[in-house]
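The values are calculated or read from the model by the stated rules, or taken from the named source; none is laboratory data. Everything numeric in this text was worked out from a predicted model, so none of it was measured. All Cβ positions, even for glycine, are placed from backbone atoms using ideal geometry, and neighbour counts span all protein chains on display. Just so you know, the surface numbers come from the protein's heavy atoms only, side chains and all, with ligands and any DNA or RNA stripped out. Shrake-Rupley method; radii C 1.70, N 1.55, O 1.52, S 1.80 Å.
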Amino acid sequence: MLCFSRPVVPRRFSPLLRIALCSQLLWPVLAFADTPYDQMVRDARAGNYTPALTVLRQVPVSQATNGQVSDHLQIAGWAGLDAEVVQVYETQGRNRALPVQALIATARAYRNLKRWDSANEVYNKALALEPQNPDLQLGLAMTQADAGKPDEAVTRTKALVAAKPDDPSRRLALAYALTRAGATYDALFEYDQAFIRAGSKPDVAREYVFALQRARLPEPALRLARQRPGLIDPVQLRVIEGDLAAEQVRMAEFATRSEKERFVIADRALSGYDQLLTTWTPDPKAHDDVIRWRIDRMGALKARARTAEVITEYQKLLGEGVKIPTYAMRWVAGAYLDRREPEIATDLYRQVLAAPDADPADRVEDTTALYYALLESDHAEEARTVAENLAKSQNPRVELKGLPFGNPNDSWMDAQQLAAQAGTYGSDLPSGEQRLQTLVDQAPGNVGLRLAQADLYLARAWPRRAESQLKETESMVPRDIGLEVA
């Protein structure tokens, strides 16, 4: 029987291979023939380890038999006394002919203490006695994964799964090795297969919840955890709840099907954060999670257009000495720009763009925001330089493996449009008109380009031409919000 309970981010597979010794252990001749010791062993099997361990600790090293050493190793292993198991093995058991179960207890103790080489040595010693023992194979594979050799562990566990694909324990072991190898979604598949076969077992369901969370699927992870109260502890549950709220913040920034639904997801995220903060803020142990939720909540407030509250929370966090991450600084900068404080927004956007952990996927959007912040600060020439540099930095096509010519790069088009529009505010209307016309010829169905062109016509005091362009566009997207405003 395998037990895979551990924290969400795996550090070591806390005890992975808890052998069901109660049913499998073939005890050697007992150290004592009297009934009291027999009862102590039965008590140890039932979870009362102290009496047997007390007796075994009193046996002199020079007089200890193989059976006594084996008993000591296994009972101390059951009690979770890894240091004692190792100490007994190194002082009394290393040169003895111990049974496989005692070696398994020793190898597991070494592994729990992160002494990988010693654990591998003992597992190999046991495998020399029983080469086909699957528990030993799995234990060695898990040790290899923990020791920084996940590829070897994956190879070994794949062979075990191929030999017995319906064994959920082997699926879990392969999933763990894949997780260690960084193959999160391959691991999720194996956890899913184990859950299909043994989902009623709490250990399997718990690992499946954590696998879903690592794959950034907090909603199904939380749904399963709530279906089975007690499956994971409240601390782990609150982390998943926070992950779900963070996912909703990311989704709230996307375009919705209608204006009516614009704030639905943002409101859902705010409701989740408010509940989390009400529940956990009084708990000092939840301080780090509370800070993270307060930071992420600013994203929901920004998506909800409650920009004044974003700035207030930002200033509170700064006052508490909290370092604001780059992704959240984007929300704060946008809030200042919305509140008509472009000078502050300019400084913040420059920080965001210069940050080493800035997401390249946000570069065009953040640079565009910087352009408008500079424009509103009456730095039109500097804004135009920013737009021109952005246009030069983007490639027209995105190179993809297997495609000889790549795909059109939407970011390139956005950057070119921004640079062309910069002429509207830089007293270079003819150049801006020419560049926009070139872009429209390349992408006649791009509504944003057509609206920008109409805006430029209006700037050139050609209102009828602008109206004609907008009427033309209306035939394509009659209910577009930007078109209606123009």
Scan the range 155-188 for residues that are basic (K, R) and not in a helix (DSSP H, G or I) and jot them down. K164
If only one of V239, V209, V235 is modelled with pLDDT of 90 or more and touching a helix residue (DSSP H, G or I) at 6+ places or on another chain (Cβ under 6 Å), which one is it? V209
Return a yes/no flag: does the range 177-193 have any residue that is buried (at least 22 other Cβ atoms within 10 Å of the Cβ), touching a residue at least 40 places away in the same chain (Cβ under 8 Å) and closer than 19 Å to I240 by Cβ. yes
Looking at the range 427-436, can you tell me whether even one residue there is open to solvent by less than 40 Å² (accessible area, probe 1.4 Å) and among the small types (G, A, S)? yes
Is it the case, given these coordinates, that T143 is farther than 20 Å from R156 by Cα and either open to solvent by 40 Å² or more (accessible area, probe 1.4 Å) or out of contact with any Pro (no Cβ under 9 Å at 6 or more places or on another chain) (or both)? no
Single condition P202 does not satisfy, out of (1) open to solvent by 20 Å² or more (accessible area, probe 1.4 Å); (2) touching a residue at least 40 places away in the same chain (Cβ under 8 Å): (2)
Helices (runs of 4 or more DSSP H) wholly in the range 430-486 with at least 2 residues that are polar (S, T, N, Q) - which ones? 463-474
Pair list, Cβ under 7 Å, 6 or more apart: the range 81-101 residue touching a residue at least 24 places away in the same chain (Cβ under 8 Å), other residue outside any helix (DSSP H, G or I) and among the β-branched types (V, I, T): Q101/I19
Which residue pairs have Cβ atoms closer than 8 Å, lie 6 or more positions apart in sequence or on different chains, and pair a first residue in the range 241-257 that is under 18 Å from E219 (Cα atoms) with a second residue that is hydroxyl-bearing (S, T, Y)? A245/Y273
I'm trying to understand the selection: among the residues of the range 452-486, which are of a type in the set (A, V, I, L, M) and either over 17 Å from Y425 (Cβ atoms) or in contact with a Ser or Thr (Cβ under 7 Å, 6 or more places away or on another chain) (or both)? L456, A459, L470, M476, V477, I481, L483, V485
Which of the numbered conditions does R297 fail, given that it passes all the others? Conditions: (1) free of Cβ contacts under 8 Å to residues at least 12 places away in the same chain; (2) under 24 Å from L217 (Cβ atoms); (3) among the basic types (K, R). (1)
Scanning the range 281-291 for residues that are farther than 15 Å from A245 by Cα and in a helix (DSSP H, G or I), the one farthest from the chain's Cα centre (by Cα) turns out to be P284
Among the residues of the range 124-154, what is the count of those that are part of a helix (DSSP H, G or I), farther than 18 Å from R171 by Cα and of a type in the set (A, V, I, L, M, F, W, C)? 4
Could you tell me whether the range 157-168 includes any residue that is open to solvent by 20 Å² or more (accessible area, probe 1.4 Å) and among the hydroxyl-bearing types (S, T, Y)? no
I'm checking my understanding of the structure. Among residues of the range 358-388 that are within 10 Å of A422 (Cα to Cα) and open to solvent by less than 20 Å² (accessible area, probe 1.4 Å), which one is nearest to the chain's Cα centre (by Cα)? Y371
Checked L483, L458, L400 against criteria (among the aliphatic types (A, V, I, L, M), open to solvent by 50 Å² or more (accessible area, probe 1.4 Å), at pLDDT below 80 and within 29 Å of L337 (Cβ to Cβ)); the one match is L458
A145: aliphatic (A, V, I, L, M) and either in contact (Cβ under 8 Å) with a residue 60 or more places away in the chain or in contact with a Cys (Cβ under 8 Å, 6 or more places away or on another chain) (or both), yes or no? yes
Residues in the range 73-110 that are in contact with a helix residue (DSSP H, G or I) (Cβ under 7 Å, 6 or more places away or on another chain), surrounded by fewer than 24 Cβ atoms within 10 Å (Cβ to Cβ) and among the polar types (S, T, N, Q): how many? 3
In the set D359, D410, which member is out of contact with any helix residue (DSSP H, G or I) (no Cβ under 6 Å at 6 or more places or on another chain) and under 19 Å from A452 (Cβ atoms)? D410
Going residue by residue through the range 405-428, is there one that turns out to be among the hydroxyl-bearing types (S, T, Y), over 30 Å from the mean Cα position of the chain (by Cα) and not in a helix (DSSP H, G or I)? yes
